[in-house]
1. What residue, among those in the stretch 525-543 that are over 20 Å from Ile580 (Cβ atoms) and surrounded by fewer than 17 Cβ atoms within 10 Å (Cβ to Cβ), is modelled with the lowest pLDDT?
2. Of these, Thr769, Thr781, which one is in contact (Cβ under 8 Å) with a residue 24 or more places away in the chain and within 20 Å of Leu143 (Cα to Cα)?
3. If I ask for residues that are small (Gly, Ala, Ser) and surrounded by 14 or more Cβ atoms within 10 Å (Cβ to Cβ), which ones from the stretch 720-740 would you list?
4. Please go through the stretch 605-619 and give me each residue that is among the aliphatic types (A, V, I, L, M), over 15 Å from Ala220 (Cα atoms) and assigned to a strand (DSSP E or B), ordered by number.
5. Which condition number in (1) in contact with a Leu (Cβ under 9 Å, 6 or more places away or on another chain); (2) surrounded by fewer than 17 Cβ atoms within 10 Å (Cβ to Cβ); (3) among the hydrophobic types (A, V, I, L, M, F, W, C) is the one that Ile461 fails?
6. Inside the stretch 512-524, can you point out the residues that are under 17 Å from Gln572 (Cβ atoms), in a strand (DSSP E or B) and open to solvent by 10 Å² or more (accessible area, probe 1.4 Å)?
7. What are the pairs with Cβ atoms under 6 angstrom where one residue, in the stretch 353-367, is touching a residue at least 24 places away in the same chain (Cβ under 8 Å) and over 18 Å from Ile177 (Cβ atoms) and the other, located anywhere, is in a strand (DSSP E or B) and among the hydrophobic types (A, V, I, L, M, F, W, C)? Sequence gap at least six, or different chains.
8. Do the conditions hold for Gly443, that is, is it surrounded by 16 or more Cβ atoms within 10 Å (Cβ to Cβ) and over 30 Å from the mean Cα position of the chain (by Cα)?
Amino acid sequence: MKRIYFLATIPFLFLAMQSWGQAALIKGHLKDSQDEPMQFVNIAVREIPAGTTTDEKGFFELRIPAGEELTIVVSHLGFKPEELPVRLEPGQEKEVTIILEPLVTALPDVEVRDRQVLSTDVTRIDPSLTAALPGPSASIERLIQTLPGVATASELSAQYSVRGGSYDENLIYVNGIEIYRPFLVRAGQQEGLSFLNPDMVSEISFSAGGFNAQYGDKMASVLDISYKEPDAFGGSFSLSLLEGSLHLEGISENNRFSYLVGLRYKSNQYLLGTLDTQGDYSPSFSDIQALLRYRLSDDLMLSFLGNFNDNHYQFEPEVQRTRFGTIMDVREFTVYFDGRETNRFTTSTAALSLDFQPHDDFSMQLTSSIFQSDERENFDVLGQYLLQRVETDLGEDDFGQPTGEPLGVGSFLNHARNYLNAIVWNAETKGRWNIDKHELRWGLKFQHEDIYDRLNEWNLIDSAGYSLPRQPNHTILLQDTLNTQINMQSNRLTGFLQNTWEFTRPHGRFALTAGVRANYWDFNEQLVVSPRSTMLYKPGWAERWTFRASAGYFHQPPFYRELRDMQGQLNQEIRAQESIHLVLGSSYHFTAWERPFKYTTEIYYKYLNELIPYQLDNVRIRYYADNIADGYAAGLDMKIHGEFVPGVDSWASLSVMQARENIEGAYIINRDGEEEPAGHIPRPTDQRFNFSMFFQDFLPRNPSYQVQLGFFYSSGMPFWPPREDLNVTYGRMPSYQRVDIGFSKQLIGEESRFAADNPLRHVDSMWLTAEIFNLLEINNTISYSWVKDVENQMFAIPNYLTSRLLNLKLIARF
């Protein structure tokens, strides 16, 4: 038998020896433009499956078939690929030296032009990284949540808290137009698609505080988005198990008309199936956006930005089973549901702008925009619940099963028929004039708001056959009752004036930006004035450093939600909230492992006055609608950003902060059951410690295989039982911990070649990604459900976020 095997291998040995005799050898040395050897450079042969990589000194050897026309492809991430045509005779050896040139790209958030970075105090982010960051939604907001000073508590929501501020304290602009969001959203799974379409974005600028007077009247942060200006035809599409998108862009032959159009659809039904509450989830979120530009003349441009967003969420809950507690004391909360929840949030935005720019140093813009939100919230949900202990003794037969007498039994009925229609119209003019070393900016804006709100909602709690709270004569008392109708119209007039002055001294360069904003609102007839200034200094004795100091007065006049109290009434006497920002920061550019890095740090203090306290439940904010608090926020933000892996960007952010407020008349219940003044208590978004990381890597021998990692850790937020009084006895949620990871393979790239009749020849790049959400399968708490027993004792049942899930995503650009 062994003899037969030996004889059978002789033909293959002969063929191998013959093939070896027909081979040739190519040797080479790879260097960069600085004449340094390059390691792990990919050497491939286009026509056949053969290849190798360079060693630590940049050398390689590759055997190739002789007598054939072949193309040697040399590639390395971050460098321009090189191609070398060869044809070698049998047994021939050839030596080559190849120098790779770096791609002309700049690190986002790293100095590009010295003058540009000195004159700004915002963080720049590469919008293309939105698609790389793994997570349930490819959104700009998710990328913002990785920055220092920014905290999140839910992967289902695009909302974020900045330095202890509420979600309503953040400004968002697209092409200079302020963006609004729906008012009635209660939970992250209802939000759907935000306005920002990542496929259409060209620039992202973000400031976590101390921003300039050109930005509006909010107290926390500003996110400034610029959409693309197409110069050729192109587009992209993406498809995953959760969402899909398509965008097209192009320009006319005479370069006068350009278009940028985006379509998106999302259904997170697959994701919501991992929640504890099981049922029939039917979410459907879609939007269409268009940015159209027409150049009327060399110095006059007309543009239109339109958006229509339809978020439809329907849910028929069936059963919820939630386990919580400690290792030795586990409890199970079971609810059987009947009913349905149907919500629809339809928003539309339209903006028409006329830009006049006779030369580079002067420009003016006239803009008129309108925002409309039509929101309907309907639900009737009956729940019958049972709270039990779970056996934790390994020696018991019923280990892991509910046991013993029920801790709580009862039912509840939640009802709502809410409708809101809001229209916000404004007209604005802005200008810019560069003269000598000064840049002067100004603006004036008129805004009209028309809001109709019809509220009709109530809750009924029944425990062990008793309606809670119990009333004499068997009277049934509904809880959290709202039944009101509001029709509100108001006008605002705002303006700003700002000057940036750059000057040089022997020891360095300076950029001073000083400005003032004014805001008048006829609803409460209040005029507020907000002076702000920022100084940036780049020392000549330490050119890698840049220092920043900011100070300013920030007023936030109430919008509709701050006006309405928990009984659904408006407060005519309400005033603007106030905040004084003091910020000191620095940035340091350095090189490590022969790669660029940037380290930034900021320390800040915010004095808060005339605060309007609020309660936070999931993403729903309920205000007390009165200026009855003051407080402060202080902390430290740090970020390291650079090429931890050659050619790709990664960063890590760390924040430590404290945000507290003193509410007039607030009290807590001490251990003796007595009331005592609360003093300074944590604000609802007081997350003391935050760490986030976005990391990218690739296989050195094959950079078409990549991995992306998103990591989030935030200490727990404070929480309170539902209340309408000023009892602020609080606890803290568990910390928010989440790891998402993605594994990507490039299917089509610069080196791909297709036949002339293959439609894939038009595709510039195509990536396939497998993502694992919540890799560590941690139960993160977003809020609590509160149930009572017949003794009127209250139990807090955690509402957990999504569990581990696999997602597939395909992205192509053409």
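The values are calculated or read from the model by the stated rules, or taken from the named source; none is laboratory data. Keep in mind the model is a prediction, meaning the values are calculated, not measured. Because the Cβ atoms are built from the backbone with ideal geometry, glycine has one as well, and the counts that use them run over all protein chains shown. Note: areas computed on protein heavy atoms with side chains; ligands, DNA, RNA excluded. Shrake-Rupley method; radii C 1.70, N 1.55, O 1.52, S 1.80 Å.
1. Of everything passing the filter in the stretch 525-543, Glu543 is modelled with the lowest pLDDT.
2. Numbers: Thr781 fails: within 20 Å of Leu143 (Cα to Cα).
So the residue among Thr769, Thr781 that is in contact (Cβ under 8 Å) with a residue 24 or more places away in the chain and within 20 Å of Leu143 (Cα to Cα) is Thr769.
3. Ser735 - this is the single residue of the stretch 720-740 that is small (Gly, Ala, Ser) and surrounded by 14 or more Cβ atoms within 10 Å (Cβ to Cβ).
4. Leu616
5. Among (1) in contact with a Leu (Cβ under 9 Å, 6 or more places away or on another chain); (2) surrounded by fewer than 17 Cβ atoms within 10 Å (Cβ to Cβ); (3) among the hydrophobic types (A, V, I, L, M, F, W, C), the lone unmet condition for Ile461 is (2).
6. Correct list: Tyr520 only.
7. Phe362/Trp433
8. So Gly443 fails the test.
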